1. Go over the candidates Leu322, Leu338 one by one and state the one that is part of a helix (DSSP H, G or I), at pLDDT below 80 and open to solvent by 40 Å² or more (accessible area, probe 1.4 Å).
2. Among the strands (runs of 3 or more DSSP E) lying completely within the stretch 166-230, list those that include at least 3 residues that are within 27 Å of Ala65 (Cβ to Cβ).
3. What's the number of the condition Leu119 fails, among (1) of a type in the set (A, V, I, L, M); (2) touching a residue at least 12 places away in the same chain (Cβ under 8 Å); (3) open to solvent by 10 Å² or more (accessible area, probe 1.4 Å)?
4. Cβ-Cβ under 8 Å, sequence separation 6+ or interchain: first residue in the stretch 234-250 and in contact (Cβ under 8 Å) with a residue 12 or more places away in the chain and over 18 Å from Asp89 (Cα atoms), partner open to solvent by less than 50 Å² (accessible area, probe 1.4 Å) and among the hydroxyl-bearing types (Ser, Thr, Tyr). Which pairs?
5. Let me confirm something: among Ala171, Ala161, Ala193, Ala176, which residue is open to solvent by 30 Å² or more (accessible area, probe 1.4 Å), of a type outside the set (Ser, Thr, Tyr) and touching a Lys or Arg at 6+ places or on another chain (Cβ under 8 Å)?
6. Do the conditions hold for Asn110, that is, is it at pLDDT 90 or above, open to solvent by 20 Å² or more (accessible area, probe 1.4 Å) and out of contact with any helix residue (DSSP H, G or I) (no Cβ under 6 Å at 6 or more places or on another chain)?
7. With the checklist (1) under 27 Å from Ala52 (Cα atoms); (2) of a type in the set (Val, Ile, Thr); (3) in contact with a helix residue (DSSP H, G or I) (Cβ under 9 Å, 6 or more places away or on another chain) in hand, flag the one item Val222 doesn't pass.
8. With (1) crowded, with 22+ Cβ neighbours inside 10 Å; (2) at pLDDT below 70; (3) not in a helix (DSSP H, G or I) as the list, and Pro385 as the residue in question, which single condition is left unmet?
Amino acid sequence: MIRPQDSLQLALRALGAHRLRSFLTLLGIAVGIAAVILLTSIGEGIHRFVLAEFTQFGTNVISVAPGRTKTAGHSPAGIPTSVRPLTLDDARALERLPHITGMTATVWGNSEVSANGRLRRTTINGVGAQMLKVFAIRVRSGQFLPADEAENARAFVVLGAKLKEELFGSANPLGARVRVGSLQFRVIGVLEAKGQILGFDLDDAAYIPTARALELYNRDGVMKVDLSYEADVPVAAVSARVRQALVARHGREDFTLTTQEDMLRTLSRILAVLTMAVGALGSISLLVGGVGIVTIMTIAVSERTSEIGLLVALGAPRRTILGLFLGEAVALSALGGLLGLLLGVGLAQLIHLVLPALPVHTPLSFVLLAEAIALSIGLLAGVLPARRAARLNAVDALRAE
């Protein structure tokens, strides 16, 4: 009976006897593991980056838009559907519902903005006084829009950080007059920089009262109503109340509710699938590495036929022979997996250093999964050659040259 430590010593000695061949084989596994780690690290980094971009505005948000999104059927071509607009009265009614902590009714458009002798065309957002509470945005200087009644909304404007720099440079804009389209406004605040999200520059925009935006763009209703709600309340319960209130006001469900939670869940699912897809592409290299292990173990059995016959003649059980060759295959894949992990993580961090804007993240679960895959490949690739070695007849094997 061969002791386990002797089996391990024999396996390592066999690998060391053909160093170049063993190294090239484990290199195939290493390249595959490195490709999987690198691609999934980039995919996971992008996944986390996109979710962080969305959650910086809070997660307890429900958006209401006019018009019902249908899952089946379509309107006849050229015939628009009649949709009752969402009004400021609808928005105020929703604001009074239980568990609602903030409300902003939004209208947006594109207009020329002139001030300080400079002219720019940019996005104009008509919003409510509680927009900061709903979307977790902060004011850098001055104040945000006051909570005026819609009928008496004062002509105030709050500038995004980039728009302020474009119009006023380093000068203090508070109190300055700004023309937006055909209307005059007075600057009362500047927002902190928030950057871009999905291509929209939130800093290159002006924020005016919703009622003034309705007047500026000659609209009857708002484009959407965003509601924030208490964190410990289930989103389904709040959505049900919002839906019930609007159906009571409109007589039918001619609107669409979108929750931030549902959107994040869907987005996370899509990004997770993409991460797994790029990881699967990298795993093609692992298949090549597995073929390499099958090849080298088959050659090893042929070269060591007499050694196998001697072990059987000395009383080594068939399972010991099987374990010996399986151990060699697993050792090759394990060493290749470790080398691949080092290569993959190292390359991921190097890419992040060279391109800081590209998010890279390597979770521990990916590392453990990659190493488990490497061991499994070694085990599966070594089964056929090991079984062939274990089934050799002792007499025939001892006769072999």
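1. That would be Leu322, the only listed residue that is part of a helix (DSSP H, G or I), at pLDDT below 80 and open to solvent by 40 Å² or more (accessible area, probe 1.4 Å).
2. The qualifying strands (runs of 3 or more DSSP E) are 183-191, 205-209, 224-229.
3. Of everything listed in (1) of a type in the set (A, V, I, L, M); (2) touching a residue at least 12 places away in the same chain (Cβ under 8 Å); (3) open to solvent by 10 Å² or more (accessible area, probe 1.4 Å), Leu119 misses just condition (2).
4. Pairs that qualify, where the first residue is in contact (Cβ under 8 Å) with a residue 12 or more places away in the chain and over 18 Å from Asp89 (Cα atoms) and the partner is open to solvent by less than 50 Å² (accessible area, probe 1.4 Å) and among the hydroxyl-bearing types (Ser, Thr, Tyr), are Val235/Tyr229; Val235/Thr259; Val238/Tyr229; Ser239/Thr259.
5. That would be Ala193, the only listed residue that is open to solvent by 30 Å² or more (accessible area, probe 1.4 Å), of a type outside the set (Ser, Thr, Tyr) and touching a Lys or Arg at 6+ places or on another chain (Cβ under 8 Å).
6. For Asn110, the condition - at pLDDT 90 or above, open to solvent by 20 Å² or more (accessible area, probe 1.4 Å) and out of contact with any helix residue (DSSP H, G or I) (no Cβ under 6 Å at 6 or more places or on another chain) - is met.
7. Only one criterion in (1) under 27 Å from Ala52 (Cα atoms); (2) of a type in the set (Val, Ile, Thr); (3) in contact with a helix residue (DSSP H, G or I) (Cβ under 9 Å, 6 or more places away or on another chain) is unmet by Val222, namely (1).
8. Evaluating Pro385 over (1) crowded, with 22+ Cβ neighbours inside 10 Å; (2) at pLDDT below 70; (3) not in a helix (DSSP H, G or I) leaves (3) as the failure.
The values are calculated or read from the model by the stated rules, or taken from the named source; none is laboratory data. What you see is a predicted model; the values in this text were computed from it and never measured. When we count neighbours, we look across all protein chains shown, and the Cβ atoms used for this are built from the backbone with ideal geometry, even at glycine. Heavy atoms of the whole protein, side chains included, go into the accessibility calculation; ligands, DNA and RNA do not. Shrake-Rupley method; radii C 1.70, N 1.55, O 1.52, S 1.80 Å.
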